[in-house]
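Student: Pasting in a structure now, in structure tokens, and then I'll have a few things to ask.
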Amino acid sequence: MSLANVLRALPGHLKDQRPTIGDILVALDERAIHLVLLLFAIPAIVPTPGIPVGMVFGTALAFIGMQMAVGAKRVQLPTGIANLRIGRQQLERILGKATPHLEKVERRLSARLGCLSTPMAIRSIGGVIFVMALLIVLPIPFGNTLPGLAVLILSLGLAQRDGIAVAVGLGLALVAGVVSVAIIGGSWWLIEIFVKELLLTSA
């Protein structure tokens, strides 16, 4: 079964109308790290009213990235995050928007360039995902999309052992980092100018 079909069927495996993040992990099989990454990256790209995407999914991605970096085979999240709840209808809406696009991307993926999906490479990619997760958590205007897309492409590439997709994801992660630094630097520069003008006016 394709990843898109697994995610499409996910809400049907959840008994509670407001399942916890932990319930979702169990339904996905917490050992399927790439699938969990994929699911948690989607809300960073698809607008999700009523859910603090950065805090919830960004923090979860950060913990998963750290676990990948140390070679963990099973996803474990802190109790505070695992017990957070999401409406089943919201989950269905998110996946309904995302899975048709995932299907199109999956058809283009195949096992190639295996050097980017070795255990050592996966550990390094875990570090990249951790950094992208931090960018998702930060309150940067429109700052979720590029890091979220980078994590999504990386997770697809790792799941299908497609090194070219992994390379694209790493390139996008670099772009996301540069753009985020530019936004933060530009914002700081504007704040400095504003403070200087304010001090000059009040002098």
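Student: Please enumerate the residues belonging to the range 134-164 that are part of a helix (DSSP H, G or I) and open to solvent by less than 10 Å² (accessible area, probe 1.4 Å). Spell out the reasoning first.
Tutor: Restricting attention to the range 134-164, the residues satisfying the condition of being part of a helix (DSSP H, G or I) are 134-137, 145-159, 163-164.
The answer is 136, 147, 148, 150, 151, 154, 155, 156, 157, 158, 163.
Student: While we're here: Find the residue count for the range 155-170, including only residues that are β-branched (Val, Ile, Thr) and touching a residue at least 40 places away in the same chain (Cβ under 8 Å). Walk me through how you get there before you give the answer.
Tutor: Residues of the range 155-170 β-branched (Val, Ile, Thr): 164, 166, 168.
When the remaining residues are screened for being touching a residue at least 40 places away in the same chain (Cβ under 8 Å), the result is 164, 166.
Going through the range 155-170 one residue at a time, the tally reaches 2.
Student: Select from the range 147-165 the residues that are of a type in the set (A, V, I, L, M) and over 12 Å from residue 37 (Cα atoms) and list them in ascending order.
Tutor: Residues of the range 147-165 of a type in the set (A, V, I, L, M): 149-154, 156, 158-159, 164-165.
Those that are of a type in the set (A, V, I, L, M) and over 12 Å from residue 37 (Cα atoms): 164, 165.
Student: How many residues are at pLDDT 85 or above, open to solvent by less than 70 Å² (accessible area, probe 1.4 Å) and over 14 Å from residue 137 (Cβ atoms) when one looks only at the range 64-76? Spell out the reasoning first.
Tutor: Initially, the range 64-76 is screened for residues at pLDDT 85 or above, giving 64-71.
Imposing the further condition that a residue be open to solvent by less than 70 Å² (accessible area, probe 1.4 Å) reduces the set to 64-65, 67-69, 71.
Checking the rest, the ones that are also over 14 Å from residue 137 (Cβ atoms) come to 67-69, 71.
Total meeting the criteria: 4.
Student: Within the range 171-182, can you find the residues that are crowded, with 19+ Cβ neighbours inside 10 Å and of a type in the set (A, V, I, L, M)? Explain how you work it out, then say what you get.
Tutor: Initial filter on the range 171-182 (crowded, with 19+ Cβ neighbours inside 10 Å): 172-173, 176, 180.
172, 173, 176, listed by residue number.
Student: Could you please give the count of residues in the range 64-94 that are of a type in the set (Val, Ile, Thr), free of Cβ contacts under 8 Å to residues at least 60 places away in the same chain and in a helix (DSSP H, G or I)? Working first, answer last.
Tutor: First, pick out the residues of the range 64-94 that are of a type in the set (Val, Ile, Thr): 64, 70, 75, 79, 81, 86, 94.
With the extra rule that they be free of Cβ contacts under 8 Å to residues at least 60 places away in the same chain, the set shrinks to 70, 75, 79, 94.
Narrowing the set further to residues that are in a helix (DSSP H, G or I) leaves 79, 94.
Qualifying residue count for the region: 2.
Student: Residues of the range 1-38 being open to solvent by 60 Å² or more (accessible area, probe 1.4 Å) and touching a strand residue (DSSP E or B) at 6+ places or on another chain (Cβ under 7 Å), which ones?
Tutor: 18, the sole residue that qualifies.
Student: Considering only residues that are more than 25 Å from residue 145 (Cβ to Cβ), open to solvent by less than 70 Å² (accessible area, probe 1.4 Å) and not in a helix (DSSP H, G or I), which ones fall in the range 96-133?
Tutor: 110, 118
The values are calculated or read from the model by the stated rules, or taken from the named source; none is laboratory data. Given the structure is predicted, the values throughout are model-derived calculations rather than measurements. Using ideal geometry, Cβ is built from the backbone for each residue, glycine included, and neighbour counts are taken over all protein chains shown. Please note that ligands, DNA and RNA were not included when accessible areas were found on the heavy atoms of the full protein model with its side chains. Shrake-Rupley method; radii C 1.70, N 1.55, O 1.52, S 1.80 Å.
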